[in-house]
Amino acid sequence: MVGSHILLVEDDDSLRVTQALYLEREGFQVTAVGSGGEALRRIATDQFQAVVTDLRLDETDGLQVLAAVKERSPETEVILITGFGSVDTAVEAMKSGAYDYLTKPVDPDDLVLTLRKAVERRQLRRQVAYLEKEVAQHTGLGHIVAGSPEMRQIMKLVKQVAQNDSTVLIEGESGTGKELIARYIHHTGRRAGGPFVAINCGALPENLLESELFGHVKGSFTGAIKDKKGLFEVADGGTLLLDEIGETSSGFQVKLLRVLEDGTFRRVGGTTEHRVNVRIIAASNKDLANLVQKGHLRRDLYYRLKVIPIYLPPLRKRVTDIKPLAEHFVAHYANHMGRRQSTLAAEAVERLEAHPWPGNVRELENAIERALIFCQGQEIQAADLPLETCTFPGEEFGSSVKSDDLSLEAMEKEHIRRVLEHCQWNRSRAAKELSIGYNTLWRKMKKYGIEPPD
């Protein structure tokens, strides 16, 4: 805080000199100017921790100085000096980002105190930003790119969700980043100080899954040589991610439902009731509503899990995210490999955006890592991206192909429609992706009655 660089904007010469001398005596480094125009020139070239400006200046007033500061350096705090009759204007300025205002005549000690608080706030905000960046790097949260309208809306919802303890259900195809979103909710929410525990429910048989989650007592089954805590107890005070929840058996679902309802459970083979305070986030790459209809998932469990539903769209449905995601992975892996910063050629970006990405963000990440390994120069070319040519996976969410309509024509029609949608109805790109001629695509669209959206 000592030596903080302050810009003082005051058109009264004697007052400017007096205030500058007093602030310097208190340990600040002061640049004092006598007009709003000069202040704008200084703001454009120098870096300040705080700005003190009179509200009423010459042709460039304090509000314009505030706007210029917030545009160039949003973290720099601005303190307005105003006459009594302009207090309303100063209050409006605070809504535009000003830190505080003082009324004339200004008590020098009040000015120093306000400045120190402003600089301290700026430092705290920078520290928080640094810590958030460190957390993001260590948890993988830095991989979240939300450039498309769909992802911006999702992240807006996720940030709201993080501030409460409601159960969340995240659905989306494999590789869309469900666990990453779950970690974001945990690490930016009220439970960030507690543990984050994840388990893939589809990777274990029912008896082992029950033991892993609820724990067991000594002698409850062969190999149970001592009491063991389950993941519910391990996650107490934190968050438990139940991945692929749709793969669980009906017997297990009954036991899970009880924990969700009252927070209590018994270890396998035990009689003691255990109570935990755990936030549950469930995830699935299958349409759970469809599983309910088929009788594979209990309806009461489904609604207990789906307090706050989040659906992550596949990468092919948010093409505008592909380039920034790819650039993020290029920077990440180039740094990891100790390489100089690499870039993506325009042709490489075009190829990435034309690919259907059945493996979603995970597949894109792997493709970029491979490209960096084999790339000879600093710029990744299209030839460095040996992308697999494959059809779209059977969509779990909202596919228009019915299970009883598996004819070749029906599948071809649906595939063509999906590729066109992925290519934003650009027929030239779609024909290239389908490896057919433009006229052939036009004929097939006419045959199947495929029309672009209005």
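Being aromatic (Phe, Trp, Tyr), in the same structural domain as Leu180 (by TED's automatic domain parsing) and more than 22 Å from Ser284 (Cβ to Cβ): is that true of Phe214 here?
no
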Is it the case that some residue within region 284-305 is assigned by TED's automatic domain parsing to the domain that holds Tyr184, over 17 Å from the mean Cα position of the chain (by Cα) and on the phi > 0 side of the Ramachandran plot?
yes
For region 204-219, state whether one or more residues are out of contact with any Lys or Arg (no Cβ under 9 Å at 6 or more places or on another chain) and surrounded by 21 or more Cβ atoms within 10 Å (Cβ to Cβ).
yes
When you scan region 312-321, do you find a residue that is under 22 Å from the mean Cα position of the chain (by Cα), β-branched (Val, Ile, Thr), crowded, with 22+ Cβ neighbours inside 10 Å and modelled with pLDDT under 95, even just one?
no
Find the residue count for region 407-430, including only residues that are within 38 Å of the chain's Cα centre (by Cα), of a type in the set (A, V, I, L, M) and modelled with pLDDT under 80.
2
Filter result for the condition that a residue is farther than 21 Å from Gln253 by Cα and modelled with pLDDT under 90, over Val158, Val135:
Val135
Residue tally, condition part of a helix (DSSP H, G or I), more than 20 Å from Val307 (Cα to Cα) and either in contact (Cβ under 8 Å) with a residue 60 or more places away in the chain or of a type in the set (D, E, K, R) (or both), over region 155-206
1
In region 37-85, what residues are out of contact with any strand residue (DSSP E or B) (no Cβ under 6 Å at 6 or more places or on another chain), among the hydroxyl-bearing types (Ser, Thr, Tyr) and touching a residue at least 24 places away in the same chain (Cβ under 8 Å)?
Thr60, Ser73, Thr76
Which condition breaks for Trp357 when tested against (1) of a type outside the set (A, V, I, L, M); (2) over 25 Å from the mean Cα position of the chain (by Cα); (3) at pLDDT 80 or above?
(2)
Go through (1) within 28 Å of Lys286 (Cβ to Cβ); (2) loosely packed, with under 12 Cβ neighbours inside 10 Å; (3) modelled with pLDDT of 75 or more one by one and return the number of the condition Asp404 breaks.
(3)
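The values are calculated or read from the model by the stated rules, or taken from the named source; none is laboratory data. Predicted model, so just to flag it, every value in this text is computed and none were measured. Ideal geometry is used to build each Cβ from the backbone, glycine not excepted, and the neighbour counts take in all protein chains shown.
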